[in-house]
Amino acid sequence: MSALSDQLLVVAILSYVAAMVCHAAEYAFGNRSHIGRAAALPARELVAVGAPSAAVEVEEPLEPPLAKRDRAALAGKAAVAVTALAALVHLGTLVTRGIAAERMPWGNMYEFVLSVTFVGSVAWLVVLSQRPAIRHLGLFVATAMVLLLGVAGMVLYTDVAPLVPALKSTWFVVHVSAAVLSSGIFLLGFVPAAMFLIRSGYDRGKRSFPYSLGPRVPEAAALDRLTFRLHAFAFPIWTFGALIAGPIWAEAAWGRYWGWDPKEVWAFISWIVYAGYLHARATPSVKRTTATWIAVIGWLTMLMNLFGVNIFFTGLHSYGGL
């Protein structure tokens, strides 16, 4: 089962790559691309100055052929279908890993990243089913999946092993499942947050990269609403997992609720930053771009909590498997 899990991971990564390519095709040639937007512009009239007659030459609009637009839309739909397939294979990777280990597949960094990215992928498909107009964000979601799964497979991989004694507790499922679920949704929330900053910068007249991507993503207001809703949903789950279930388990396992362990500290830092984002987002006097930057910083603290703490620090939570 362990070997099958490893093989399914490769298939999942390749499937996300295929979805990324399909999204890129729609992104470049679809109706929201620069070419497609040009089709909405009125035709320009060229008038001969000083000519005895009012002869007018009409310049043809830059409209892509219908067949090309249809193929772009088909590529977008194919990207969604391939993403769903990738999520199923991704689930197979986790299930076979858990069967091989005879436990929930959350015992080390490799398994945790697999789980977080799976939650992000499923959350994306759920959001997309409710808001098909944001399908263009799939390019960036698929890219994030490829990068994180690639790091998991090439850098974080750990052979199947039983849990260390400290993790053999009912609270292992309660605490880690809440952390996985909230982290996966925070991962997804990072995508519209970053795209909002790009789109709002483009709307303010910035044209250098990455703001040049602005016209090809949804409107800033839609991205802002999606960012807020995802973070507002994930924040209470993170609060329960990191600041309630975690300390209760710590008291049962180590005899204290809080010990300023590096993982505990960075989990609390992430909580403070995300609380700051939600407060800033609800405060009318705070600019939406300022609030969104706080959300982006929040995801950076989550990455530090996931990777940095296990790589650079040693503590009671050193179960990364590196």
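The values are calculated or read from the model by the stated rules, or taken from the named source; none is laboratory data. All values reported here derive from a predicted model rather than from experimental measurement. Reconstructed Cβ throughout: ideal geometry from the backbone, glycine too, with neighbour counts over all protein chains shown. Side chains included, ligands, DNA and RNA excluded: accessible areas come from the protein's heavy atoms. Shrake-Rupley method; radii C 1.70, N 1.55, O 1.52, S 1.80 Å.
Looking at region 150-161 only, could you name the residues that are surrounded by 18 or more Cβ atoms within 10 Å (Cβ to Cβ) and over 16 Å from Trp106 (Cβ atoms)?
Gly153
Please count how many residues of region 115-136 are under 14 Å from Ala79 (Cα atoms), surrounded by 19 or more Cβ atoms within 10 Å (Cβ to Cβ) and of a type in the set (Ser, Thr, Tyr).
So the answer is 1.
Of these, Ala133, Ala161, Ala123, Ala142, which one is in a loop (DSSP other than H, G, I, E, B), among the hydrophobic types (A, V, I, L, M, F, W, C), in contact (Cβ under 8 Å) with a residue 12 or more places away in the chain and out of contact with any strand residue (DSSP E or B) (no Cβ under 8 Å at 6 or more places or on another chain)? Step through it out loud before you land on a result.
On the way: Ala133 fails: in a loop (DSSP other than H, G, I, E, B); Ala123 fails: in a loop (DSSP other than H, G, I, E, B); Ala142 fails: in a loop (DSSP other than H, G, I, E, B).
Within the list Ala133, Ala161, Ala123, Ala142, the selection yields Ala161.
Within region 213-225, can one find any residue that is within 13 Å of Ala194 (Cα to Cα), of a type in the set (Asp, Glu) and open to solvent by less than 50 Å² (accessible area, probe 1.4 Å)?
Within region 213-225, one or more residues are within 13 Å of Ala194 (Cα to Cα), of a type in the set (Asp, Glu) and open to solvent by less than 50 Å² (accessible area, probe 1.4 Å).
Which condition breaks for Leu128 when tested against (1) under 18 Å from Arg216 (Cβ atoms); (2) at pLDDT 95 or above; (3) in contact with an Asp or Glu (Cβ under 9 Å, 6 or more places away or on another chain)?
(3)
Hey, does region 205-220 have a residue that's closer than 20 Å to Gly298 by Cα, free of Cβ contacts under 8 Å to residues at least 24 places away in the same chain and not hydroxyl-bearing (Ser, Thr, Tyr)?
The answer is no; no qualifying residue exists.
Name the residue that is farthest from Leu167 (Cα to Cα), counting only residues in region 61-90 that are modelled with pLDDT of 90 or more and open to solvent by 70 Å² or more (accessible area, probe 1.4 Å).
Within region 61-90, the first condition is being modelled with pLDDT of 90 or more, and the residues that meet it are 74-90.
Adding the requirement that they be open to solvent by 70 Å² or more (accessible area, probe 1.4 Å) leaves 74, 77, 85, 88.
On the way: Leu74: 47, Lys77: 42, Leu85: 32, Leu88: 28 Å.
Checking each candidate, the answer is Leu74.
Within the group Val273, Val265, Val296, which residue is free of Cβ contacts under 8 Å to residues at least 24 places away in the same chain and either in a helix (DSSP H, G or I) or buried (at least 16 other Cβ atoms within 10 Å of the Cβ) (or both)?
Numbers: Val273 fails: free of Cβ contacts under 8 Å to residues at least 24 places away in the same chain; Val296 fails: free of Cβ contacts under 8 Å to residues at least 24 places away in the same chain.
It is Val265.
Residue under question is Ala232, and the condition is that it be open to solvent by 30 Å² or more (accessible area, probe 1.4 Å) and closer than 25 Å to Val191 by Cβ; does it hold?
Details: open to solvent by 30 Å² or more (accessible area, probe 1.4 Å): yes; closer than 25 Å to Val191 by Cβ: yes.
The answer is yes for Ala232.
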